[in-house]
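So the structure is just underneath, and the comments pick up after that.
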Amino acid sequence: VQLQASGGGLVRAGGSLRLSCTASGRTFSRYTMAWFRRAPGKERTFVASITRGVPRTLYADSVRGRFTVSRDNAENMVYLQMNSLNPEDTAVYYCAADQNVYLSTNPPQYHYWGQGTEVTVSS
């Protein structure tokens, strides 16, 4: 599967953005999808994931209650709605996919990655 993330940009603190990730292939519904982010000078960290089938979700503590991950299997899309953004959310955001993980927060367990979309939150 090939992934392409979009929707990043510059937003003021307190604002919102919705990231999108488009997936190629006819088996998108079989993949667990996830969002990770890499802040400047830091390691890539888990943001949110959503399972295949009846979707279950998992969020990093830092974004729970502010971010919502969702998917549209008919359109091969996964979304990350980000509300109440703060400067600590500034990062490059990546979508990832794998058929053999459940709600993993571990980047190496995801075999497919998009190219990243940059989010900058100004104070």
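Every number in this text was worked out from the coordinates using simple rules, so none of it is lab data. As the structure is a prediction and not an experimental result, all values here were calculated from the model. Cβ coordinates were reconstructed from backbone atoms using ideal geometry, including for glycine residues, and neighbour counts include every protein chain displayed.
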- prompt: What is segment 1-116's relative contact order, in percent, from Cα pairs under 8 angstrom and six or more apart in sequence?
  reply: 35
message: Order 18-30, 98-110 from most to least packed using the mean count of other Cβ atoms within 10 Å.
response: 18-30, 98-110
message: Loop-only trypsin sites (Lys or Arg not before Pro) in segment 42-89, please: DSSP not H, G, I, E or B, and at most 16 other Cβ atoms within 10 Å.
response: LYS42, ARG56, ARG66
For the chain, size of Cβ-based charge dipole, Lys and Arg +1, Asp and Glu -1, in debye: 160
- line: The value for segment 1-71 (convex hull of the alpha-carbon atoms, volume per residue, Å³) is 108
statement: Under Stokes-Einstein, the chain at 20 °C and 1.002 mPa s, with its Kirkwood radius over C-alpha pairs, diffuses with a coefficient in µm²/s of 152
